[in-house]
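Structure first, commentary second.
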Amino acid sequence: MADDHVGPYQLDGVAMPTWLLRFDKNGNGESPRTLALLLDTLDRDPPTDLIFFSHGWNNDFAFAGQLYRTMLGNVEAALAAHPDPARRLLFVGVVWPSILLPGDPGPVIAGPGGALPPAEAAALDDLADRLPDIAGRLRALAAKRALADDEASEVAQAIGQAIGDASPAAEGAEPDAAPDAQDVIAAARAIGAQLDAPPLTDDFGGRRGAGSNVSAAGLAWLNPVNLLRVLTVYQMKDRAGAVGANGVRALMRDLLAHGSARVHAVGHSYGAKVMLSALCAGPLPRPLESLLLLQPAISHLCFADVVPGRPGPGGYRAALGPDRVIQPILTTYSRHDIPLHDLFHVGLRRRADLGELGVAAGATSAGSPPSVYAALGGYGPRGAGETLVDPIPASAEPWPDVGGARIVGLDGTKDRRIGGHGDVTTPIAAGALARQILG
């Protein structure tokens, strides 16, 4: 696809120059002319600091722009308290086709028998594309109000096959085997029980999930929407890994090779997997200055030295090396992030579960990880020599001494400093990025 906008895309109310670059679901760049102009700008007139950001769970260009605009406005406000006439900022934002995590507040979700919610409709389209021989049958089943046992097993088997056909993007906590039909059904039952149980509100007073007409927890998996929700979790993990390891990896190398700006990478939700996949895919021309992970939808063991039940370290442990990132990596987490604290580990649970994990690291306000599948954005990093800061400092509060830690978890539970999965553009969250820019 040709660039639909060539050159910088200036975000309203943001003083620094801003550029947005599009990628398709496989990580192919869709903004080649804009990229060429950006790299020429970096060579001719490099900024002192470059903010490089990947959004996570939205699939709308305008919404990505809104996320970036709000965050950058708060970053600029935080930096205004520390004026430096030599400081010159530039922003590069990634735009890629992602969808909502189960439990995210988003568009109002239709009940069974109506139109599928946007995220699940996209997952069904992807499933039909991967399995064209049974696409018509799958679409007919997905349109039903509720499924019979054999029909649910049929859809679950197709989902397991599609997940197995996708390229694995292990973070060190997932078994290599694809889920079978019973694994998918178990995950759908757990997600359905969480989302269909009252109260059906998110942390902001909106709808938290789809109220099901098949509302009993034991029957939740009979709702085809809940089966498709399982697919969305795996689908976005695979897609984020592909976007990161392919197009964003090349872009990250270009940004580091052109000009002399200190590059500050940021990833929200599955955007954290985008950035980490790019960072760990191979050597870089020079290290990033900093990395901030905002409510990351990845394994809490992804940086671990040892992952119980499987050989080797977490898949992203290489990111902790000073050859990849100069400053300690910062990552936020919160009990109030419903998708990551309550749903992520049940959506990814398979029959080949590695078992419950008794975590030795001290618990913070978000609690201890309940499973090897627990999300980094729900419980913070473990097994990686981490420092856990509880709570994440507010703008006027001093930053704690983290010693020599290479990974620092920032707990946003207290006082709802991070009040939900999308609550990552506030002055508190922006303050963490501003601290990294200030060094």
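Overview of results
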quantity: Simple spin-label estimate for ARG137 and SER395 in nanometres, 7 Å along Cα-Cβ; calculated: 5.8
quantity: Environment charge at GLU397 (Cβ cut-off 12 Å; Lys +1, Arg +1, Asp -1, Glu -1); calculated: +2
quantity: Using a Förster distance of 22 Å, the FRET efficiency for ASP150-ASP125 (Cβ separation, nearest 0.05); calculated: 0.35
quantity: Estimated FRET transfer efficiency when R0 is 41 angstrom, pair ARG416-ASP24 (beta carbons, to 0.05); calculated: 0.65
quantity: Least to most buried among HIS55, HIS345, HIS258, HIS421 (fewest other Cβ within 10 Å first); calculated: HIS258, HIS345, HIS55, HIS421
quantity: Net charge contributed by nearby residues that have their C-beta within less than 13 Å of ALA143 (K/R +1, D/E -1); calculated: +2
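Here, each number is a calculation from the coordinates, and none is a lab measurement. No experiment lies behind these values; they were computed from the predicted model shown. Using ideal geometry, Cβ is built from the backbone for each residue, glycine included, and neighbour counts are taken over all protein chains shown.
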